[in-house]
1. Criterion first (among the small types (G, A, S), farther than 27 Å from P218 by Cα and without any contact (Cβ under 8 Å) to a residue 24 or more places away in the chain) does A133 satisfy it?
2. In this structure, does A143 turn out to be out of contact with any Cys (no Cβ under 6 Å at 6 or more places or on another chain), touching a residue at least 24 places away in the same chain (Cβ under 8 Å) and small (G, A, S)?
3. Got a sec? Which of L204, L228 is of a type outside the set (S, T, Y), in contact with a strand residue (DSSP E or B) (Cβ under 7 Å, 6 or more places away or on another chain), crowded, with 21+ Cβ neighbours inside 10 Å and not in a loop (DSSP other than H, G, I, E, B)?
4. Please tell me if R38 is under 18 Å from R214 (Cα atoms), of a type in the set (K, R) and free of Cβ contacts under 8 Å to residues at least 40 places away in the same chain.
5. When you go through (1) modelled with pLDDT under 85; (2) surrounded by fewer than 20 Cβ atoms within 10 Å (Cβ to Cβ); (3) not basic (K, R) one by one for A172, which number turns out not to apply?
6. Among the residues of the stretch 19-33, how many are within 12 Å of G43 (Cβ to Cβ) and of a type in the set (S, T, Y)?
7. For the stretch 52-97, which residues satisfy the criterion of being under 23 Å from W17 (Cβ atoms), surrounded by fewer than 20 Cβ atoms within 10 Å (Cβ to Cβ) and among the small types (G, A, S)?
8. Please go through the stretch 9-43 and give me each residue that is part of a helix (DSSP H, G or I) and in contact with a Lys or Arg (Cβ under 7 Å, 6 or more places away or on another chain), ordered by number.
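The values are calculated or read from the model by the stated rules, or taken from the named source; none is laboratory data. Only a predicted model underlies this, so the values are computations on that prediction, with no experimental measurement involved. Reconstructed Cβ throughout: ideal geometry from the backbone, glycine too, with neighbour counts over all protein chains shown.
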Amino acid sequence: MIGNLRAGLRLACAGLWLIAITPVVLLSALLSIGSRGRLARNGARVHWFWARVLRWIFGIHVRVEGPRPPGGAFLASNHLTHFDIPVLASVYPMQFVAKAEIAKWPLFGQLALLAGTIYVDREDRASTPKIVASMSRYLEHGARVVLFPEGTCGNGLEISRFKPPLFAPPVALGLPTVPVAIRYSGTGAVWTEGSMGAHMAKMLRTARIDVLVRFGEPTLPHSDRKALAAEARDRVAALYDLAAPAQG
């Protein structure tokens, strides 16, 4: 009973916060018209501001380890739940490559687009060059760009193969890739079954959500995106295993 009340209150507060931040997003978008660089920087700050408050509303406590990613860094992260974006966004100002389905979410999808989120339809391979170009422009203007290269939520036991196509920007620009591992405490945090809504409701009923975000050392620049994707996956897997709770 208490858990259901907690979840309902958190969802209501999150909705009110989304409405409250709408003028900030619109102002940021207006100030960014005509400049991809301003959109990259302003939108990343909006993401950070929104996520910091949302993290407090949802009772998410984040511990960060590892070196701070520099501006203009390409970050490759594992993916476990739909809380991963606000978790990472609350740590540093970042831009995200997200699934196209999120664009259809009422209000949130449109606001995220105005803040600079790059949406990717993985079934539409013809759109890949456009997405790569958008990511490259963000990186060139000093934005941290986050990709979840597994393409879907993992099972929490192992890191799946990273899909190589969207590793093209760091290869073309000669940039290193920063591996990132997200690990939630408890066994029920990972979304492995049921609907997204049911899983989110279960998480929101939890009094406290503890998350460890571990950043690794950047890779050396690569000339081959497949090799880079494979190395990034191995590094993220190593960080994820390192972040595992000690067994008593």
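1. Working: among the small types (G, A, S): yes; farther than 27 Å from P218 by Cα: no; without any contact (Cβ under 8 Å) to a residue 24 or more places away in the chain: yes.
So A133 does not fit the description; no.
2. So A143 fits the description; yes.
3. L228
4. Taking the combined requirement at face value, the residue does not satisfy it.
5. In the conditions (1) modelled with pLDDT under 85; (2) surrounded by fewer than 20 Cβ atoms within 10 Å (Cβ to Cβ); (3) not basic (K, R), A172 misses (1) alone.
6. 2
7. G59
8. Residues satisfying the conditions are L31, R36.
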